[in-house]
1. Please label the shape of the chain as rounded, prolate or oblate, based on the square roots a ≥ b ≥ c of the eigenvalues of the alpha-carbon gyration tensor (a/c under 1.5 means rounded; beyond that, a/b larger than b/c means prolate, else oblate).
2. Got a sec? Charge dipole of the chain, +1 on Cβ for Lys and Arg, -1 for Asp and Glu; which of Phe477, Trp213, Phe290 is way out at the positive end?
3. Taking the Cα centre of the chain as origin and charging only Cβ (+1 Lys, Arg; -1 Asp, Glu), how large is the dipole, in debye to the nearest 20?
4. What accessible area per residue comes out for region 373-487, rounded to a whole number of Å², with a 1.4 Å probe?
5. Sorting Ile468, Ile455, Ile20, Ile396 by accessible area (1.4 Å probe), largest first, what list results?
6. How much of the accessible area of the chain, probe 1.4 Å, is carbon plus sulfur, in whole percent?
7. Label region 343-487 by shape, choosing from rounded, prolate and oblate, from the square roots a ≥ b ≥ c of the eigenvalues of the Cα gyration tensor; if a/c is under 1.5 it is rounded, and otherwise prolate applies when a/b is larger than b/c, oblate when it is not.
8. Quick one: angle between helix 465-483 and the longest Cα principal axis of the chain, in degrees between 0 and 90, rounded to 10, please.
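The values are calculated or read from the model by the stated rules, or taken from the named source; none is laboratory data. Predicted model only: the values in this text are computed from it and were never measured. Cβ placement follows ideal geometry from the backbone for every residue including glycine, while neighbour counts extend to all protein chains displayed. We work out accessible area using only protein heavy atoms, side chains counted, and drop any ligands, DNA or RNA first. Shrake-Rupley method; radii C 1.70, N 1.55, O 1.52, S 1.80 Å.
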Amino acid sequence: MSNCEVNNEKSWSYEDAFEITGHGRYNYKVLAACSLISVAVANEMFGFAITVAAASCDMDLTISQIGVLASSPFAGLLFAYPWGYYADTRGRKRALLLSTSIGFVFGFLGSFSVNWHMMLAFKIIGCSFSTASFTLTMTYLGECTRDRNRGQYIFIMMSMNLASEMLSYGLAYIILPFSFAYPVPLLSITFNSWRLFSMILCIPLGIGAIFMWTLQESPKFLADRGDGDEALQVLKMMFVANGNQEHEFPVKSLQSTVSVVKEIPCCVTLGQQIVQLFKPPLLWRTLQLFYLLSLTCSINNAIAMWFPTMLDIVFKSISSDTAEVSFCESITEDSVSHRNSNAPCTGTLSEETILSGIITSLFFVVLNLCVAKLATWRRQILMGSLLIAGVSCVMIIVLRQPIASVIFFSLAQITAIGSGSIASYFVDLYPTSCRGLAPSLGFMLGRFVSLTAVILIGGTIVNHCNAIFYTSATLAFSGAGVALLLP
């Protein structure tokens, strides 16, 4: 009995105390909240491509205006620096609450845009808040999950993120065909199906904010900030929430971890944080992970944002009586026929395009859930996804069967699975004080490259389609080589 008393009164290391909390309901709740927010952010970004296509006639959009609007969700990259810094100095929970709630407000207001300028402004402001939640959920989930479950949980959250595309296309399949139209005299607009679709897409952000309100701050963040007593209370709450009795919790005090923070002073200023990432011993890993994240994000995001448009073109070529043409040839022919046509735009997507979006999303969700079982093989998974994407980009050009081209065009989005592997490396290889900024900065770069890729594709796809896919394939293969050097 005396031995137990001595053991109870000793100071525990944070790692040992965290293991005591176990694994149960609280962890499932954290996973559910982070997955919901991840889905909400993806809806705000990629579902917007469907919104723009559906609103093109109602708002009388030109091709250039559609391109600008489609790339606008990536403008949130400009605020990755301050969001990462805010999360590392003020807390993960507070940052998530702020980003999701304000993102929801501007997403809701964007549904009532009177012109494309207002829609662009609301989308940029809203995504400047909401997109920060994606990287912050990775950090928060990683710090609230045991080592043995962390990789699997991040893969599951990424699977839910991929499921958001299925949700977006599913909602579009149901909502966009509605023909209702309610005048809003105060704004001189008509509330119709695409506005309802846009409004529904932002609702998960609001629910995610409410969900986060019921959770606790990351105990790892509190402990490393020096709030040992508060961290201990959170650990005790987790212990009880996971099905144990409060009096059974053996930890009475935590060993101070403030010294660890002093060795790597990332939280003093934003500038010091950034410098810390780009000097030894983190320099090589930062460059390596940032390059890989740029590749996985840009290839997946660029294809996802152009997916409705490209597939609609290909399916139109299939329905025509012309001979089979390659993927790129169908795009060129559509551009020529569009310039010579006076037919009014319908503002809708073909049923085949929407169903293809649902099927593609479902495929990647199932694949990612299967990959989650192999979370310990994350390097091999990352390399495999990049190699498959590279081969797919080549096959898009080589094949002349439209359906086969559509399949490989869809399969090239597999790099999204690799992003989950990279995210887990950020959690494992960086100190706690840098885990908010490092992935935020990495995804900021990924969004910047994605933004550039979306605009570049729009301006060059007609005349340089083959070059775009050959370049994408080359970059994907180079990424597989860089991934080989990961631990």
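1. prolate
2. Phe290
3. 620
4. I get 38 Å² per residue for region 373-487.
5. Order by accessible area, largest first: Ile455, Ile20, Ile468, Ile396.
6. Ligands and nucleic acids excluded, carbon and sulfur give 65 percent.
7. Prolate, since a/c reaches 1.5 and a/b exceeds b/c.
8. That works out to roughly 20 degrees.
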